[in-house]
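The values are calculated or read from the model by the stated rules, or taken from the named source; none is laboratory data. Remember, predicted model here, so these are calculated numbers, not experimental data. We place every Cβ from the backbone using ideal geometry, glycine too, and count neighbours over all the protein chains shown.
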Amino acid sequence: MRSLIDIVGRLNRVISNLGVAIACVFLTTMTAAVILQVISREMRMPIGWTEEIALASMVWVSFLIGPWAYRHHQFTRIDVLVEAMPVRPRTFFNVLIHLLEAGLLIGAIYYSWLFFSGGNSLLPQTTRLVRALAEPLLGSEAAGSVVIKNKYVYAILPIGFAGLLMISIEHILKSAQAFVSGKEDIRSFDLDGIARLPESESRPEDTEDMRGRD
């Protein structure tokens, strides 16, 4: 099981770090759009597409950063009673909790896919912007056929939930291993959300992993 956990962990590390990198781009875009919107309104020349871009970027940032936050235990969780239990009961309940989360995420993937598939309404201001930018390159007729739909914003929903499901599987495997062995590899998390092992129990790959994320 340790090998499987390592494989899933490496895959999730790539997924979560990639999500953070892309989220930084969208966060920058959202910030720039909000600043431009404020300036344009102060100048009594509001730019309509800035609000659509800012809202869409906020949605993408939220779902792209989710897997990283879940993997590093940054979501709010009330675990006073669970943490007070001995190792085996605690890890048993953790397995049940993560299994429940995985089931909810599977349902979320299904319904968010339906939501994405049905998102055929347009983003009118963004469509006008893209048409104006495309017209010099494609011509007025071809540019007039370009449409930006809401479904492009909703596309991140099933992707984000799928990323969360992968992290949930990793948590299930780690909790199951701890239940079987009666010993947890990871017990505490620093304020930065990075899991730490006691120095006496640290493995070389864990140390390398932590250094790569610092």
Tally of residues being surrounded by 14 or more Cβ atoms within 10 Å (Cβ to Cβ) and farther than 30 Å from THR126 by Cα across region 137-188: 20
Per-region count, region 75-120, residues part of a helix (DSSP H, G or I), among the aliphatic types (A, V, I, L, M) and modelled with pLDDT under 85: 4
Close pairs (6 angstrom Cβ cut-off, 6 or more residues apart or separate chains): on the phi < 0 side of the Ramachandran plot and surrounded by fewer than 17 Cβ atoms within 10 Å (Cβ to Cβ) in region 103-121, among the hydroxyl-bearing types (Ser, Thr, Tyr) and in a helix (DSSP H, G or I) anywhere: PHE115/TYR154; GLY119/TYR154
Single unsatisfied condition, LEU129 versus (1) in a helix (DSSP H, G or I); (2) in contact with a helix residue (DSSP H, G or I) (Cβ under 6 Å, 6 or more places away or on another chain); (3) surrounded by fewer than 18 Cβ atoms within 10 Å (Cβ to Cβ): (3)
One residue from ALA69, ALA56, ALA21, ALA32 being of a type in the set (Gly, Ala, Ser), within 12 Å of the chain's Cα centre (by Cα) and either within 30 Å of LEU122 (Cβ to Cβ) or outside any helix (DSSP H, G or I) (or both): ALA21
Contacts under 8 angstrom Cβ, first residue in region 142-163 being on the phi > 0 side of the Ramachandran plot, partner among the charged types (D, E, K, R) and surrounded by 18 or more Cβ atoms within 10 Å (Cβ to Cβ), 6 or more apart: none
